Amino acid sequence: MALSPNVTVSAPPLSGLARRFVANQLLSEEQARESQAKAVRNSRPIVSQLVEDKLIPPSRLAEFASNEFGTPLLDLGSIEPDANTIRELGEKLIRAQHALPLYKRGRKLYLAVSDPTNLQALDEFKFASGFATEAVLVEEDKLAKAIEAAAGAIQASHIGAGDSDLENLTIEAGDEDGPQEKNAGDDEEDAPIIRYVNKVLIDAINRGCSDIHFEPYEKKYRIRYRLDGELKEIASPPVQLAGRFAARLKVMSRLDLAERRVPQDGRIKLKLSASKSIDFRVSTCPTLWGEKVVMRILDSSSAMLGIDALGYEPVQKDHYMKALSKPQGMILVTGPTGSGKTVSLYTGINILNTEDCNISTAEDPAEINLPGINQVNVNPKVGLTFAAALKAFLRQDPDVIMVGEIRDLETAEIAIKAAQTGHLVLSTLHTNDAPQTLTRLLNMGVPAYNVASCVSLIIAQRLARKLCKSCKKPDAVPREELLREGFTEEDVDRPGFAIYKAVGCDQCNNGYKGRTGIYQVMPVTDAISRIIMENGNAIEIADQARREGVADLRRSALKKVIDGATDLTEANRVTSD
């Protein structure tokens with residue numbers, strides 16, 4: 001039946017904890033109602049919502065709740081929950097009630113909670129365990145991590161027959177002559193480890209992670225994913241399995257099982273279907289408590305995204321495309337490790353990859369496999385260095401050459417020679433910005449004339465996390481603070497100007513989803529070439545680039561903030577004044 005227009009529908013009453021926050025002026029009533037409504041929509045405790053929205057710090061929230069309700073407060077990091085009790089009660093109950101059993105004493109079960117009004121959790125655990133329950137208050141952020149770790153441990157020890165399809169993944173070693181591994185779960189003792197490792201790999205691929213860390217410690221084993229540039233613990237299997245995890249990963253990548261004293265490098269190809277496969281670069285390193293294994297996920301589809309997906313501004317894209325269209329010269333991409341240099345280079349290479357173009361690359365190692373490209377892995381142990389590979393390329397009738405990194409004068413000189421003799425050369429350097437790249441080459445010993453005449457474009461870049469479009473909201477920052485951060489008066493006085501901040505929802509990772517590039521794209525113009533020839537420094541080159549309209553990394557980051565792609569926190573993290 002339709003409601004009369006004169007009938008008003010009252011908002012649902014605030015929960016007991018939310019009322020206490022409002023009464024003690026920790027929250028406004030509007031904030032409390034909004035957080036409670038979001039918590040209901042997301043099917044989560046209001047405490048979790050308040051922490052995610054950063055309205056109350058977890059430590060302050062726990063301290064207040066402890067004083068208000070008389071519940072004892074415990075530092076969860078100072079205690080090791082009883083693994084047997086956790087396994088007995090199961091992952092489903094722990095997640096559903098957002099509570100973690102700590103230990104049993106006599107006929108009483110002590111339960112870690114972040115909300116002292118969560119009486120349902122006490123009842124559910126009492127029913128499931130047959131023990132009387134008593135709540136112990138802990139900080140919400142620590143509880144959430146502990147629940148994830150406990151769930152991972154349960155999965156590691158109780159992977160059932162329903163996951164048997166995870167044994168049947170086709171795994172190939174990195175070397176071409178390596179045998180395929182099919183149905184590698186025939187050994188009943190190893191089958192749970194095989195299924196669990198495969199599940200970790202598949203989950204990482206599905207989440208869009210870039211790296212997986214398997215880390216042994218004295219009393220703990222943890223698995224972490226790097227997602228959108230941030231490491232996050234996703235599981236903590238029993239530490240007794242550390243050796244078996246390392247052995248399984250080494251078998252998959254055809255490394256020496258008997259050698260545990262020195263680092264080893266390998267590669268895995270995981271075939272997901274007839275047309276889809278993912279490569280993993282595997283690195284092992286001996287630590288105090290066993291071998292740490294780090295896997296880099298190499299998804300060749302990232303090079304197929306196209307230049308429009310990388311986040312270049314229109315004028316920056318035009319500079320890159322113009323440099324790629326030249327028959328000779330050198331394009332350098334610079335930035336720290338993990339800044340997306342490889343994807344930028346491969347995107348350019350993919351644009352040039354046509355039937356009438358001979359492209360050769362020297363890499364350490366080749367991260368993305370592209371059909372039609374002659375890719376070489378350097379191997380200094382046998383004398384195949386970047387310089388040696390470059391010399392070989394010059395006898396192979398190349399059109400385009402890519403060098404993974406210019407590390408020394410010999411490599412730089414051969415790359416310069418190739419750029420001078422009618423070849424397009426692409427490479428990387430580790431410098432902070434584009435102007436410093438030119439002075440780095442000069443400091444290596446490359447003559448100024450060669451630098452000025454051969455380098456046509458330099459791209460400095462960083463990767464910033466993108467705001468989730470579903471939950472980002474405007475950020476109220478005072479005008480004076482915005483000006484101090486580097487925004488211009490023209491920016492902040494523009495009609496409709498707004499910047500946004502991360503919030504967090506069930507569709508993102510703490511308010512962020514994906515990453516975007518922040519670039520300084522600097523063509524080497526005649527004016528910049530003259531500064532190089534006159535032994536000018538990086539500051540003089542940067543001033544000239546600014547006069548020519550080249551946005552530095554800081555300005556490019558602020559432009560992304562203005563556009564709503566990222567927030568000021570991320571801009572400050574990846575760039576500085």
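The values are calculated or read from the model by the stated rules, or taken from the named source; none is laboratory data. This one's a predicted model, so the numbers in the text were calculated from it and none came from an experiment. Here the Cβ is made from the backbone with ideal geometry for all residues, glycine too, and neighbour counts use every protein chain on show. Ligands, DNA and RNA are excluded from the accessible area calculation, which covers all protein heavy atoms including side chains. Shrake-Rupley method; radii C 1.70, N 1.55, O 1.52, S 1.80 Å.
Tabulated data
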read-out	value
DSSP bridge orientation in segment 255-388 - percent antiparallel, rounded to nearest 5	80
Folded to 0 to 90 degrees: helix 119-129 orientation relative to the chain principal axis, Cα	90
Selected from LEU122, LEU76, LEU61, residue furthest toward positive end of dipole (segment 55-142; charges at beta carbon)	LEU122
Size of charge dipole - segment 212-282 - debye, nearest 20, with Cβ of Lys, Arg +1 and Asp, Glu -1, no other charges	220
Bridge type composition, the chain - antiparallel percent by DSSP, nearest 5	65
Distance (nanometres) between label positions extended 7 Å along Cα→Cβ at ILE351 and GLU540	3.1
Solvent exposure, largest accessible area first (probe 1.4 Å, DNA, RNA and ligands not counted), of THR287, THR566, THR133	THR287, THR133, THR566
Karplus (6.51, -1.76, 1.60) ³J(HN,Hα), θ = phi - 60°, over segment 292-297, in Hz, Gly and Pro reported as x	7, 10, 10, 10, 9, 7
Size of charge dipole - the chain - debye, nearest 20, with Cβ of Lys, Arg +1 and Asp, Glu -1, no other charges	780
Value of [θ]222 nm, deg cm²/dmol, for the chain, DSSP H segments ≥ 4, -39500 (n - 2.57) each, nearest 500	-11000 deg cm²/dmol
Positive-end residue, the chain charge dipole about Cα centroid, Cβ charges, pick of GLN420, ILE518, VAL403	ILE518
Surface share of carbon and sulfur [accessible, 1.4 angstrom probe, percent] for the chain	48
Cβ-derived FRET efficiency at R0 35 Å, ALA96 paired with ALA247, nearest 0.05	0.50
Length-normalised contact order for the chain - Cα pairs under 8 Å, 6+ apart - percent	9
Neighbour cut-off at most 14 other Cβ (10 Å), DSSP loop, trypsin sites (Lys or Arg not before Pro), segment 216-309	LYS219, ARG261, LYS276
Label assignment, Cα extents along the principal axes in Å derived from the structure, set [x] 82, 67, 51; [y] 83, 60, 44; [z] 84, 66, 58	[x]
Computed FRET value (nearest 0.05) for GLN25 with ARG260, which takes r as the C-beta separation and R₀ as 45 Å	0.20
Rel. contact order, % - alpha carbon contacts under 8 angstrom, at least six apart, segment 253-362	16
The chain: Cys lacking any partner C-beta under 4.7 angstrom	CYS209, CYS285, CYS357, CYS454
For the chain: accessible area per residue (Å², 1.4 Å)	49
Interchain or long-range residues, amide H under 5 Å from ASP211's placed H	ARG226, ILE297
Placed amide H near SER277: partners under 5 Å, 5+ positions off or other chain	LEU272
